[in-house]
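Here the structure is laid out as structure tokens; the discussion comes afterwards.
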Amino acid sequence: MSYVVWDHASKQAAVIDPVLDYDFKSGHTDTRSVDRLTAYLRDSGLQLAWILETHAHADHLSGAHYLRQQLGGRIAIGEHIREVQASFKKIYNLERGFLPDGSQFDHLFRDGESFMIGQTEARALLVPGHTPADMAYLVDGAAFVGDTLFMPDVGTARADFPGGDAHHLYRSIQRLLTLPPDTTLYVCHDYPPASRQPRWQSTVAEQRAHNIHVHEGISEEAFVAMRTARDVTLDMPTLILPSIQINVRAGQLPPPDDNGVAYLRIPLNTLARH
């Protein structure tokens, strides 16, 4: 899910996790999702200041680069994206000119760093575990938590991607759950059971009481054992191979070959198969 956060006084806005659509079968990208964001911002008279990535997603391509081309703004992510870039540069054997230094992004947030959306102060919070670079963004009594937490009846993110760590994930979640109980938590995805419609927000209090993986009383050891056992049963996301090599570039396509066509790389027999 993508979110628009804006300051009423200044009309300055941030977009969180914009999506570039991608058809896996044909290899075509499409901008319809990010175009809806663009239209909303323009129709609302908003000026885009920030494009905030919670992490380098494994299940969709980032629309950050295209959105910046349309409306400006600064693309930002956590500074530990460098670790993710270094890891996946080796996995994909990316071109020599790709530097795992975060320079593809306009800004790299430090843990706890404050920044402004117009006259509204926001804060970037490091919440590693799902990946080393996951960030949550705290704005005016709300937290945008990416894939770290899901809805209480779904639980938590996996921690078996390269650089993931279930111990770190547990501690990150506990950090989020120390926020005030009425803090609204906005998730990046929902995988609802058949009994309900998709949802995208909960509260710290609801997560503490009802999250099936980390409600109050669940120890780190119990969580890690559960997460480890569960993760080995999960298939890799369908779009992990195309998406990561785009997302570590802040949403830019790989440089084109001499025929003018950009290509994605598929490393064979490299990622774990469950």
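The values are calculated or read from the model by the stated rules, or taken from the named source; none is laboratory data. Predicted, not measured: the structure shown is a model, and the values here were computed from it. Cβ: placed from backbone, ideal geometry, glycine included. Neighbour counts: every protein chain shown. Heavy atoms of the whole protein, side chains included, go into the accessibility calculation; ligands, DNA and RNA do not. Shrake-Rupley method; radii C 1.70, N 1.55, O 1.52, S 1.80 Å.
One residue stands out in region 217-274 among those that are small (Gly, Ala, Ser) and either in contact (Cβ under 8 Å) with a residue 12 or more places away in the chain or in contact with a strand residue (DSSP E or B) (Cβ under 6 Å, 6 or more places away or on another chain) (or both): the one that is farthest from Leu108 (Cα to Cα), namely Ala272. Looking across Asp111, Asp101, one residue alone is within 16 Å of the chain's Cα centre (by Cα) and part of a loop (DSSP other than H, G, I, E, B). It is Asp111.
Taken over region 215-235, residues that are surrounded by 12 or more Cβ atoms within 10 Å (Cβ to Cβ), touching a His at 6+ places or on another chain (Cβ under 7 Å) and in a loop (DSSP other than H, G, I, E, B) amount to 0.
The single condition among (1) open to solvent by 60 Å² or more (accessible area, probe 1.4 Å); (2) without any contact (Cβ under 8 Å) to a residue 24 or more places away in the chain that Gln70 does not meet is (2). Close Cβ contacts (under 8 Å, 6 or more residues apart or on different chains) running from residues in region 35-63 that are within 16 Å of Thr148 (Cα to Cα) and among the charged types (D, E, K, R) to residues that are at pLDDT below 95 and surrounded by fewer than 21 Cβ atoms within 10 Å (Cβ to Cβ) comprise Asp59/His189; Asp59/Pro237; Asp59/Thr238; Asp59/Leu239; Asp59/Ile240. Would you check if Ala133 is small (Gly, Ala, Ser), in a loop (DSSP other than H, G, I, E, B) and over 21 Å from Arg74 (Cα atoms)? The answer is no for Ala133. Criterion applied to Ile266, Ile212, Ile240, Ile244 was being open to solvent by 60 Å² or more (accessible area, probe 1.4 Å) and under 25 Å from Glu83 (Cβ atoms), and the one residue passing it is Ile266. Considering only region 37-55, state which residues are surrounded by 22 or more Cβ atoms within 10 Å (Cβ to Cβ) and acidic (Asp, Glu). Glu53, the sole residue that qualifies.
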